[in-house]
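The values are calculated or read from the model by the stated rules, or taken from the named source; none is laboratory data. The model shown is predicted, which means the values in this text are computed figures rather than measured ones. Cβ sites come from the backbone with ideal geometry, for glycine too, and all protein chains shown count toward neighbours.
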Amino acid sequence: MTAVEAPEADEEVLEVTPEFEAAAERQERRRGFLLALPEFGYLTLFFAVPLVIVVVYSFATRNRFGGTDLSGWNVDSYVKLAEPLVREIFFRSVWLAALTTVICLVIGYPFAYYLATRSLRVRNVMLVFVMIPFWTNFLVRNYAWRVILGNDGPLTKTTEFVGLGEHEYLFTQTAVVLGLVYGFLPFMILPLYAAIERIDRRLLEASRDLYANGFQSFRHVLLPLSMPGVIAGSILCFIPSLGAYVTPEILGGAKTTLLGSYIVTQFLTARNWPFGAAMSFVLMAIMLAATVVYFRKGGRTL
Amino acid sequence: MSAAVELTAITKRFGDVVAVDAIDLVIEDGEFFALLGPSGCGKTTTLRMIAGLDFPTEGSLKIFGDEVGTLPPNKRPVNTVFQNYALFPHMNVLDNVAFGLKMSSVGKAEARAAAREMITTVQLAGLEARRPTQMSGGQQQRVALARALVNRPKVLLLDEPLGALDLKLRQEMQGELKRLQEELGISFVFVTHDQEEALTMSDRIAVMNEGRLLQVATPEEIYEKPVNRFVANFIGQTNLLEGTVENHDTVCLANGARVAAPSEHATGTAVAVSLRPERAHIRDRGDIPPGETSVDGIVERITYLGNARVYDIRLDWMTMEVREENRPGMQVCEPGTDVSISWDPSAISVVTD
């Protein structure tokens, strides 16, 4: 009897001491760290190390043979970023990425709302529809668009047939935006859906009860409450659009070079690795800064 | 002067399910009106139809004489206090309360001023900048009330307004709601499944079950003269003694005993005699005061409630509950004692299905 009681008493004493609590917390933290260790390793090996290499290369020198000398450190590559051509490509990329994001938002929001307000069964079926395109390779899907938009493709044929005149779609900015919207729309819809689905429907009813019409209800209740989804979706749409390579390459042609293609050109054709590295690094820094600002701003309005 | 709310043959179907079944209901201006019933009885659907959050499948719904059947909620002169309040989590208290006025294009400054005043009325002055999530249930309840009342609705609708509060706070808010309603002089229509709450607060109660309106009457009438078995059972506690009508003054109980029970029902009708536990008394076996009706039984169990004791009395064919107030000098029967239960004939009511 006493033998059983003794450890219990010990435990009680231990529980109240701050040392015991701290030890327990330490143990908890250690366990968490161990669980995350593979991820840390992965990030270090495949993200941090390559990033350091990129940064190092951006300060290196291109030699006459198109190789890179890891000596004669300079900031020439960064100075070169101010050239008009680079600026033009940069702004075109930002503009197309922004346009893509806005179009995705405008198309995706009503759809996500519709999705979030259906019965569970309908929702699941429709979510599968949203994700079906992922089952086919992205490259293949872009080539499919090339067929659709091509000069003898169904779209030109249709516009000709209904008397809208002859149009060329392929190798234009329109084609690029279309392809980007197509490619990244699911990334807009899914976070929006998740955010809208979480909102208590009675809040919308309450706003209607308090004299808000349908639009006011959207503007003052639904939209602000779904802001986390809008922000997440916009980021997931904008960032890959800004750095997109495959879609502009396949649907865009030569006249509409975007940042992604331009960077690839630096590495493969122009053999100017330091410049390509500098551009990659700056692009990433801008995206990171934009994301931080966006999240902060979003965080405040919520 | 037309009624505040008038429902005529209102039916609401969700697919194959009939939520509200052809109910007629008139709620007068200035009335504290309760829609009472178990969950799923259609009371909330009825309230939502008055608010405009659901539209009736059939029937006519008038608010102060105007047909509003399919008018959206923002075009109706009513406001709602939602179950669990549905306060906007992204706005502070002031903006929550001012919301309705802002939407109905009252100037921002004016809306805020009115909101501040209403916040003071519900005793939340000083908490204007708080977010609803930083407030207690009772405070949130007051914000919800202020948010609805600031719009000066002609009818205030309340959906289980006190359901989420603990007992003490609930009792406090009951009094406060009643006081507010009397001050404002508008009708409050509130939905509840809590019969005690309905009895305490309402001028009139509508008892609903399975989409039907069973009885609309004052609390006294509902309690004293329930129209059927369901109402008798749902409102307060009661003993239902099964029997058949022998004549207009007598019911023959299941065990063959005859009890005085005046009713309008035809001879042979299956009825139940409803006897409230507090209207019956425990006597020594055979010691029945003149004029009272009685049955014999054995004390089975005693539940001590502090202010009263509830006796479960075993009869030949059923168990009855009798409640005796806990007065000093009260004689307490032990389980197993042979006793008689007696009551004044006026204490019972005869109910059918």
> Does the stretch A:209-242 hold any residues that are hydroxyl-bearing (Ser, Thr, Tyr), more than 10 Å from chain B (Cβ to nearest Cβ) and within 30 Å of B:ARG48 (Cβ to Cβ), and which are they?
Replying inline: A:SER226
> Does the stretch B:99-151 hold any residues that are within 14 Å of chain A (Cβ to nearest Cβ), within 22 Å of B:LEU162 (Cα to Cα) and of a type in the set (Lys, Arg), and which are they?
Replying inline: B:ARG131, B:ARG147
>> Tell me whether the stretch B:99-113 contains one or more residues that are over 28 Å from B:GLU28 (Cβ atoms) and crowded, with 22+ Cβ neighbours inside 10 Å.
In response: yes
> Of the residues A:PHE275, A:PHE184, which single one is within 18 Å of the chain's Cα centre (by Cα), of a type outside the set (Val, Ile, Thr), buried (at least 19 other Cβ atoms within 10 Å of the Cβ) and modelled with pLDDT of 90 or more?
Replying inline: A:PHE184
> When the stretch A:59-79 is examined, which residues are found to be part of a helix (DSSP H, G or I) and of a type in the set (Val, Ile, Thr)?
Replying inline: A:VAL79
> Quick one: is A:PRO248 out of contact with any Phe, Trp or Tyr (no Cβ under 6 Å at 6 or more places or on another chain) and under 21 Å from A:ARG146 (Cα atoms)?
Replying inline: yes
> Given the conditions (1) surrounded by 15 or more Cβ atoms within 10 Å (Cβ to Cβ); (2) modelled with pLDDT under 90, and given that B:VAL310 satisfies all but one, which numbered condition is not satisfied?
Replying inline: (2)
> Among helices (runs of 4 or more DSSP H) lying entirely in the stretch A:156-248, which contain 1 or more residues that are within 23 Å of B:ARG147 (Cα to Cα)?
Replying inline: A:201-209, A:214-217
> Within the stretch A:187-202, can you find the residues that are within 10 Å of another protein chain (Cβ to nearest Cβ) and either more than 24 Å from A:PHE295 (Cα to Cα) or within 21 Å of the chain's Cα centre (by Cα) (or both)?
Replying inline: A:ARG201, A:ARG202
> Quick check: anything in the stretch B:78-93 surrounded by fewer than 22 Cβ atoms within 10 Å (Cβ to Cβ) and within 29 Å of B:ASN233 (Cα to Cα)?
Replying inline: yes
> Out of the stretch B:28-63, which residues are more than 15 Å from the chain's Cα centre (by Cα), part of a strand (DSSP E or B) and not basic (Lys, Arg)?
Replying inline: B:GLU58, B:GLY59, B:SER60, B:LEU61, B:ILE63
> With respect to B:ALA129, is the statement that it is in a helix (DSSP H, G or I), out of contact with any Phe, Trp or Tyr (no Cβ under 7 Å at 6 or more places or on another chain), of a type in the set (A, V, I, L, M) and in contact (Cβ under 8 Å) with a residue 12 or more places away in the chain true?
Replying inline: no
>> For the stretch B:64-98, which positions are facing chain A (nearest Cβ under 9 Å), assigned to a helix (DSSP H, G or I) and out of contact with any Leu (no Cβ under 7 Å at 6 or more places or on another chain)?
In response: B:ASN74, B:LYS75
> Do we have A:THR265 as more than 15 Å from the chain's Cα centre (by Cα), part of a helix (DSSP H, G or I) and more than 14 Å from chain B (Cβ to nearest Cβ) here?
Replying inline: yes
>> Can you tell me which of (1) in contact with an Asp or Glu (Cβ under 6 Å, 6 or more places away or on another chain); (2) outside any loop (DSSP other than H, G, I, E, B); (3) more than 14 Å from every other protein chain (Cβ to nearest Cβ) is the one B:ALA3 doesn't meet?
In response: (2)
>> Where the second residue is small (Gly, Ala, Ser) and the first is over 20 Å from B:GLY243 (Cα atoms) and lies in the stretch B:294-323, which pairs have Cβ atoms under 7 Å and are six or more apart or on separate chains?
In response: B:ILE298/B:GLY336; B:VAL299/B:GLY336; B:ARG323/B:ALA308
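Residue-wise test of (1) of a type outside the set (S, T, N, Q); (2) assigned by TED's automatic domain parsing to the domain that holds A:GLY233; (3) closer than 30 Å to A:ALA254 by Cβ.
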residue: A:ARG92; (1), (2), (3): yes, yes, yes
residue: A:ALA98; (1), (2), (3): yes, yes, yes
residue: A:VAL122; (1), (2), (3): yes, yes, no
residue: A:THR136; (1), (2), (3): no, yes, yes
residue: A:TRP145; (1), (2), (3): yes, yes, yes
